[in-house]
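Student: Okay, handing you the structure first.
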Amino acid sequence: MGKKPKDQNEKPSGAAKTINILLVVGALVFASGIMWYALRTPEPDLRVALSKPNVKTLDPEQFSGQARLAYEAAREVPEVLAQLPCYCGCMSGFGHKNNLDCFHDNHGVECTMCQEIAIDARGMYKGGLDISRIREKIKEKYGKYAALMK
């Protein structure tokens, strides 16, 4: 009494056919997705090119942690930071004209708000936002602190 030998001419059951069809369809969908991803053309960067300011910032290698990230952002996207106000009070207290000015000297080392603005702005710029949208988002997040600094 054992198993019956499988007949070579036996047709697959309805459930087996359904599974086979689903496997084939799944493989086709997966392959199509890979081909679409590989063949797609990246969207062009339509942002207006910002001119790079001729400004020297301190070397990020001097610092660690968040301060280092902020000084790296100032080196990487100075054209963005030069377009942004700083909300820590340095624009009135130290004569800074923009967030980039915070990284000419040691001010950016001690001021976490300056650091966060620089790091956030770099992330938004790398994420594809244009300068007007970055300025808007920075103001939404940090503008409320400007009144407290007065």
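Every number in this text was worked out from the coordinates using simple rules, so none of it is lab data. Source: prediction; values computed, not measured. No Cβ is skipped: glycine too gets one built from the backbone with ideal geometry, and neighbour counts run over all protein chains shown.
Student: At 0.692 mPa s and 37 °C, plugging the Kirkwood radius over alpha-carbon pairs of segment 60-149 into Stokes-Einstein gives what diffusion coefficient in µm²/s?
Tutor: 259
Student: Separation between the Ser51 and Met35 pseudo-spin-labels, each 7 Å from Cα along Cα→Cβ, expressed in nm?
Tutor: 4.9
Student: If packing is taken as the average number of other Cβ atoms within 10 Å across a peptide's residues, how do 53-65, 28-40, 116-128 rank, most packed first?
Tutor: 116-128, 53-65, 28-40
Student: First select every other residue whose beta carbon is under 12 angstrom from the beta carbon of Gln115; then total the charges, Lys and Arg +1, Asp and Glu -1.
Tutor: -2
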